[in-house]
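The values are calculated or read from the model by the stated rules, or taken from the named source; none is laboratory data. Computed from a predicted structure; not experimentally measured. Every residue, glycine among them, receives a Cβ derived from its backbone with ideal geometry; neighbour counts consider all protein chains shown.
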Amino acid sequence: MPPHFAVRCLDCGSVGIFNALKPACERCGSQWREAIYDYAHIGKILPDLLTSRPFNIWRYHELLPIQVPDSAITFGEGGTPLIHAENLGSMLGNPNIYIKDERQNPTSSFKDRQAAITISSIKEANITEFVCASTGNVAISYSAYAARAGIKLWAFLTSLVPETKMREVALYGTQVVKVTGSYDQTKRIAEEFARQRSITLDLGARSIPCVEGMKTISYEIVEQLSAFPTVRKATPINGESPVWQSPDWYIQSVSGGLGPLGVIKGFAELEKMKLIQKFPKFGIIQVDGCAPMVHAWRQDRESAVPVQSPRTLIATLATGDPGRTYTELRKNISNYSQGAFESVSDDEAFRAMHLLAKMEGISVEPAAAVAFAGLIKMVRSGVIKPDEVVVINCTGHTTPIEPHILGEGWGHEIDASVSLTTENREEGLLAALSNVSLEKFPRIAIVDDEPHVRRLVSRILQSQGNYTLFEAEDGRQAIELIKRERPNLVILDLMMPEVDGFTVMETMQQNQETSEIPIIVITAKELTRAEKERLKGHIQSLMQKGDFMSDELLDEVKTLIK
């Protein structure tokens with residue numbers, strides 16, 4: 001069967017046939033090549049073909065470097081959900097934030113896309129032994145797929161990789177080599193090991209199967225985003241609308257940069273096939289302690305200066321030398337879109353982990369949280385506009401939550417071994433509950449005519465303590481509720497129909513029984529000088545919707561109820 005794709009050298013431009021045993025260009029020796037397909041033909045037939053196919057990465061097999069799709073090594077990878085992050089969006093003042101939940105892959109990581117295509121490719125080439133270097137997730141993914149394919153895997157892991165991940169790699173029967181050193185040193189040792197033993201080496205961003213596996217993320221995003229009725233549709237050009245909808249921004253945390261390199265290629269192919277109208281901007285996020293790409297981008301350098309000693313607790317992102325991958329990313333982002341490279345601190349990432357879990361019910365590993373911390377920073381700085389559609393790659397969740405992320409006092413203990421008589425059982429239970437609660441349970445009234453705002457504020461408070469919460473959806477209900485329930489605090493929206501927040505506030509002030517209740521005002525309105533004067537002396541705090549974070553609100557609440 002003739003191959004349905006070819007490979008083109010990125011350096012000399014020569015085109016040839018893919019051979020997994022020969023990863024370099026036959027003309028110039030470069031290992032930087034890309035797969036190319038008959039885009040004009042596939043673009044015409046693909047939408048109709050997909051209607052009858054399962055939603056996983058293999059639905060795009062005409063655009064994947066596997067000759068016989070039926071021989072693919074698969075666990076059902078891909079087809080991960082795209083989740084509308086309504087609470088997070090409300091908090092940031094952007095209603096169009098979507099999470100590509102790659103935790104739902106077989107080994108809970110987006111690396112399963114890379115592993116599925118790569119292992120299937122080397123299995124098709126009758127390769128029986130393989131070497132990879134990893135900071136954790138790649139080794140886990142490769143180990144699972146190699147075990148299924150009957151391929152012997154050698155995984156070289158830096159000693160910074162959490163022990164839980166190392167044990168999982170070993171569980172699959174992989175030969176684990178723990179290297180005391182940086183990830184870059186680990187890669188060099190793995191490469192030398194493969195060379196000496198003539199074993200096929202995983203080439204990461206230089207590997208055609210790896211890049212092709214990652215590009216399926218973009219294919220899925222445009223299909224899924226088009227199904228959301230809340231996403232504005234592209235304007236038709238020459239009377240024709242694109243088949244699918246692309247986001248304004250794609251955000252991902254990176255270590256070596258393979259993921260976005262593949263996703264960029266996917267969007268570029270969708271444009272070539274005329275299936276989307278625009279190319280999204282890319283937000284590439286690194287951690288402050290190891291951000292060679294960010295530094296190079298800010299200095300307008302074509303290549304990154306390696307970070308010799310990464311300083312971060314997020315070991316899976318500690319690639320100090322991205323090599324040519326950064327150069328290719330920079331070139332592609334400059335050619336296709338106006339993107340940005342940004343970095344965040346470990347603390348900002350850990351804070352984003354808490355925020356995402358409490359706001360959206362999504363628990364992620366620190367490396368994935370870096371992307372969300374970057375999103376928050378870019379929204380706050382105005383780089384991402386309030387009306388732009390944003391998709392964040394939630395890359396994985398494979399690590400148990402480490403103690404330093406939660407800090408002290410994250411749980412409570414009750415000794416149930418104490419024998420209780422009938423007489424003292426109730427007293428003992430009350431005493432135990434009193435020990436669990438380190439502060440009084442305050443009563444808080446939340447007044448806002450927008451249900452999603454009331455839900456957001458309630459969620460923030462409930463995640464932090466056992467508050468008694470009351471809700472009112474307009475000013476008239478609020479006045480009755482406050483008079484009846486006498487809350488300890490009122491969180492009040494100003495702009496409501498009929499009876500607004502100003503009236504609620506003034507009514508409270510006129511009643512001796514409610515005049516001392518503190519008020520936090522949350523409003524989307526840009527207040528005039530006269531309105532600010534009207535509030536002066538009557539409220540404790542003023543916050544703009546979309547501009548406050550959960551811990552800021554909680555700090556205000558705790559200050560007022562002490």
Within the stretch 40-65, of all residues that are within 20 Å of Val263 (Cα to Cα) and part of a loop (DSSP other than H, G, I, E, B), the one farthest from the chain's Cα centre (by Cα) is Pro65
| Going by the structure shown, is Ala116 aliphatic (A, V, I, L, M) and either part of a helix (DSSP H, G or I) or closer than 30 Å to Pro386 by Cα (or both)? | yes
Taking the stretch 10-24 and keeping residues touching a residue at least 24 places away in the same chain (Cβ under 8 Å) and surrounded by fewer than 13 Cβ atoms within 10 Å (Cβ to Cβ) leaves Asn19, Leu21
Ile42 meets each of (1) more than 23 Å from Pro242 (Cβ to Cβ); (2) touching a helix residue (DSSP H, G or I) at 6+ places or on another chain (Cβ under 6 Å); (3) not assigned by TED's automatic domain parsing to the domain that holds Asp387 with one exception, condition (1)
For the stretch 192-216, pairs from a residue that is over 30 Å from Gly79 (Cα atoms) to a residue that is at pLDDT 95 or above and outside any loop (DSSP other than H, G, I, E, B), with Cβ under 6 Å and 6 or more apart or across chains, are Ala194/Val131; Ala194/Leu201; Ile199/Glu129; Ile199/Val131
**Q.** Test: residue in the stretch 446-467 that is surrounded by 14 or more Cβ atoms within 10 Å (Cβ to Cβ), modelled with pLDDT of 90 or more, among the β-branched types (Val, Ile, Thr) and on the phi < 0 side of the Ramachandran plot
**A.** yes
Here the residues within the stretch 293-327 that are touching a helix residue (DSSP H, G or I) at 6+ places or on another chain (Cβ under 7 Å), surrounded by fewer than 21 Cβ atoms within 10 Å (Cβ to Cβ) and in a helix (DSSP H, G or I) are Ala296
Note: among Ser334, Ser345, just one is out of contact with any Ser or Thr (no Cβ under 7 Å at 6 or more places or on another chain), at pLDDT 95 or above, surrounded by fewer than 19 Cβ atoms within 10 Å (Cβ to Cβ) and farther than 20 Å from Arg188 by Cβ, namely Ser345
Yes/no for Ser309 being in contact (Cβ under 8 Å) with a residue 12 or more places away in the chain and over 22 Å from the mean Cα position of the chain (by Cα):
yes
Tell me whether the stretch 96-103 contains one or more residues that are of a type in the set (S, T, N, Q), outside any helix (DSSP H, G or I) and under 24 Å from Ala227 (Cβ atoms). yes
Of Glu365, Glu388, the only residue that is touching a strand residue (DSSP E or B) at 6+ places or on another chain (Cβ under 7 Å) and either modelled with pLDDT of 95 or more or among the aliphatic types (A, V, I, L, M) (or both) is Glu388
If we ask which residues in the stretch 64-119 are free of Cβ contacts under 8 Å to residues at least 12 places away in the same chain and under 23 Å from Leu203 (Cα atoms), their number turns out to be 1
Conditions (1) small (Gly, Ala, Ser); (2) within 25 Å of Pro322 (Cα to Cα); (3) surrounded by fewer than 23 Cβ atoms within 10 Å (Cβ to Cβ) -> Ala170 fails only (2)
Within the stretch 469-507, residues part of a strand (DSSP E or B) and aromatic (Phe, Trp, Tyr) come out as Phe470
Considering the stretch 189-229, residues that are in a helix (DSSP H, G or I), within 25 Å of Gly323 (Cα to Cα) and acidic (Asp, Glu), and then whichever is modelled with the highest pLDDT, we arrive at Glu212
